[in-house]
1. I need the full set of residues from region 38-64 which are within 18 Å of the chain's Cα centre (by Cα), aliphatic (A, V, I, L, M) and surrounded by fewer than 24 Cβ atoms within 10 Å (Cβ to Cβ), in order please.
2. Quick test of your reading of the structure: Asn218 fulfils all but one of (1) touching a helix residue (DSSP H, G or I) at 6+ places or on another chain (Cβ under 8 Å); (2) crowded, with 16+ Cβ neighbours inside 10 Å. Name the failing condition by number.
3. What tally of residues in region 1-17 results from selecting those that are touching a residue at least 60 places away in the same chain (Cβ under 8 Å) and over 20 Å from Val125 (Cα atoms)?
4. Scan region 58-99 for residues that are of a type in the set (S, T, N, Q) and closer than 20 Å to Arg110 by Cβ and report the count.
5. What's the total number of residues in region 128-138 that are out of contact with any Ser or Thr (no Cβ under 7 Å at 6 or more places or on another chain) and in contact (Cβ under 8 Å) with a residue 40 or more places away in the chain?
6. Scan (1) touching a Phe, Trp or Tyr at 6+ places or on another chain (Cβ under 9 Å); (2) more than 22 Å from Tyr212 (Cβ to Cβ) for the single condition Pro143 breaks and write down its number.
7. From the set of residues in region 186-236 that are outside any strand (DSSP E or B) and among the basic types (Lys, Arg), which is farthest from Pro143 (Cα to Cα)?
8. Report, ordered by the first and then the second residue, all pairs with beta carbons closer than 6 Å, sequence separation of six or more or different chains, a first member in region 49-70 that is more than 23 Å from Asp203 (Cα to Cα), and a second member that is assigned to a loop (DSSP other than H, G, I, E, B) and at pLDDT 95 or above.
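The values are calculated or read from the model by the stated rules, or taken from the named source; none is laboratory data. Predicted model only: the values in this text are computed from it and were never measured. Positions of Cβ are generated from backbone atoms using ideal geometry, with glycine treated the same way; all protein chains shown enter the neighbour counts.
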Amino acid sequence: MKVRGVLGGLQKGLGDIGVVTTVFHADKVPLQLVAYATPFVSNDPGLVAKTVDGLANEHPQFKAAFTRFNQVYLTNLAVLDTYQIFSKDPVTKLSDLKGLKLGSAGLNLRWLDGFGAVGVAGSLVTYHNKVGTGVLDGFMLWPEAVVGRKIYEVAPYMLKADLGTANSKVISVNADSWKSYPEEVRVAMQEAAYGYRDKMGADALEVAAASYKAFTANGGKITVLSQDQRQKWADDMPNVASDWVAAREKEGNPGRVVMQSYMDTMRAAKQPILRQWDKELGS
């Protein structure tokens, strides 16, 4: 199945178990995108994934979203350390991004609002061609993806802004298949899913460390965005969290309590939070 087709494919029974890329289905599984509504909060994929599973176990709306598509939610996955900006020309400060057409996917397009960049919806499989042909000036992605697809060939400049990690995938099982499994098999599958989640989070950090080195080894240049500029980016960005909460509440989903619980967990874990998103929600 193609990446965007896994949700529908599992619904129809074309597979028993699969990995749904939730960032492409924000309208269908919106609660899964809480981390995308809270940039500049955490670069720890393992923590984010565990936190979202905790929320899914506490709020039935998380899993009910998959039930509507004839699936059983097992776990979510965060497979990247943090998003960065990659470009064909050097970028060293926020003002350099003004007017640039930058590719991204899903809710994190909103992260580009506020300083004149133009967010363009896209997918990592298209960025090499689109930057190479001038359709895009750059994109928001994580280093492993850039190195793995050799996109440094057309975008050799990285602005290391550490925008944050996010859970972008869910392991789910076709509901009819799930019913056919003995109880002990279901228990083992759930335990294995959590173990895989934790392994993926740990591996994401190891792979990221190697990818930064590989990026520079292949001619890439990395500029670290100053902390003052990072703070300005976070402060000047539209309140994506407030918009996300309002949309979830309108749907009948517990957006506010999910957001507050997520941020409470991040604070308790002493994450490098640049903006206290839940504190701006108002009454």
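1. Looking only at region 38-64, we keep the residues that are within 18 Å of the chain's Cα centre (by Cα), and these are 38-56, 62.
From what's left, aliphatic (A, V, I, L, M): 41, 47-49, 52, 55-56.
Hits for region 38-64 are Leu47, Leu55, Ala56.
2. Among (1) touching a helix residue (DSSP H, G or I) at 6+ places or on another chain (Cβ under 8 Å); (2) crowded, with 16+ Cβ neighbours inside 10 Å, Asn218 violates only (2).
3. 7
4. Let us first name the residues in region 58-99 that are of a type in the set (S, T, N, Q), namely 61, 67, 70-71, 75-76, 82, 84, 87, 92, 95.
Within this subset, residues satisfying the condition of being closer than 20 Å to Arg110 by Cβ are 82, 84, 87, 95.
Of the residues in that region, 4 qualify.
5. 1
6. Among (1) touching a Phe, Trp or Tyr at 6+ places or on another chain (Cβ under 9 Å); (2) more than 22 Å from Tyr212 (Cβ to Cβ), the lone unmet condition for Pro143 is (2).
7. Arg186
8. His59/Pro254; Gln61/Asn253; Ala65/Val29
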